[in-house]
Amino acid sequence: MHNPYQAPVATLEQGNQEGDSTPAVGGFWPRVGAKIIDFLVMLPIVGLTIWLSAKSRSFYFWAVIPSLLFAMFYSVYLVRRFGGTPGKLALKLRVQMKDHSPVSFTAALIREAPLMLMGAASNLGLGMAAMQMDDATYMALGFMERSTMLVATGPGWVTIVSWLINAWTLVGAIVLLLNERRRAVHDFLAGTVVVKVSK
């Protein structure tokens, strides 16, 4: 028999009770782990990029469209279709809308658009700098030396874009740590949240 005068029992584990379908948020370290896995998955692409960039000064120009298409597939299509990149899926993380409905294509695109646009701008600037070099100088430099020289001799906005990419990453991590639902800047822009799922 129910006692109307009995004090209510506090619930200590919200989101984990039977019948409560609200998933737990994806924490900071699992998201870092997902980024590391994604980097490892993309290592062949990184290696191919380094190799191709050493073969032609025009690489940065003709790489813009393939880079955008790859980003659209990896970070937009896969997120829309499966709820995350391979790194997120491996760690049982899913991108959802704030109301926990499946992520929309628009939201997935908004999440990735800032980095896609900054990456494209960086490639264009590096390409402009590369075209001002002669072939012998360009080919004689190692990847890191060449990258440093291209940034130094490219349009002024290349350095700004490089700083913006770093700032975007850092601010995103700080914002993620400072809110309960562990949402990064791109989550706020897109209206998404990353959650931990059991299957």
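The values are calculated or read from the model by the stated rules, or taken from the named source; none is laboratory data. Predicted model only: the values in this text are computed from it and were never measured. Methodologically, a virtual Cβ is constructed for each residue, glycine included, from the backbone with ideal geometry; neighbour enumeration extends over all protein chains shown.
So here's what we get for this one:
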item: Any hit, the stretch 138-151, residues being under 26 Å from TRP29 (Cα atoms), of a type outside the set (S, T, N, Q), surrounded by fewer than 15 Cβ atoms within 10 Å (Cβ to Cβ) and free of Cβ contacts under 8 Å to residues at least 40 places away in the same chain; result: no
item: Among (1) under 22 Å from MET72 (Cα atoms); (2) of a type outside the set (D, E, K, R); (3) more than 24 Å from the chain's Cα centre (by Cα), the one test that LEU126 misses; result: (3)
item: Candidate set from the stretch 98-121 (those that are in contact (Cβ under 8 Å) with a residue 24 or more places away in the chain and outside any helix (DSSP H, G or I)); member that is surrounded by the most Cβ atoms within 10 Å (Cβ to Cβ); result: VAL103
item: Residue within the stretch 74-97 that is under 21 Å from SER162 (Cα atoms), out of contact with any Cys (no Cβ under 6 Å at 6 or more places or on another chain) and modelled with pLDDT of 95 or more present; result: yes
item: Unique match (being touching a Phe, Trp or Tyr at 6+ places or on another chain (Cβ under 7 Å), surrounded by 15 or more Cβ atoms within 10 Å (Cβ to Cβ), assigned to a helix (DSSP H, G or I) and among the aliphatic types (A, V, I, L, M)) among LEU78, LEU89; result: LEU89
item: Selected residue [of a type in the set (Val, Ile, Thr) and buried (at least 20 other Cβ atoms within 10 Å of the Cβ)] from VAL185, VAL171, VAL193; result: VAL193
item: Helices (runs of 4 or more DSSP H) completely within the stretch 28-72 that count 3 or more residues being surrounded by fewer than 14 Cβ atoms within 10 Å (Cβ to Cβ); result: 28-41, 43-53, 64-71
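To keep it simple, each residue is scored yes or no on (1) β-branched (Val, Ile, Thr); (2) within 19 Å of PRO102 (Cβ to Cβ).
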residue	(1), (2)
TRP163	no, no
TRP168	no, no
VAL171	yes, no
ILE174	yes, no
LEU177	no, no
GLU180	no, no
ARG183	no, yes
ASP187	no, yes
THR192	yes, yes
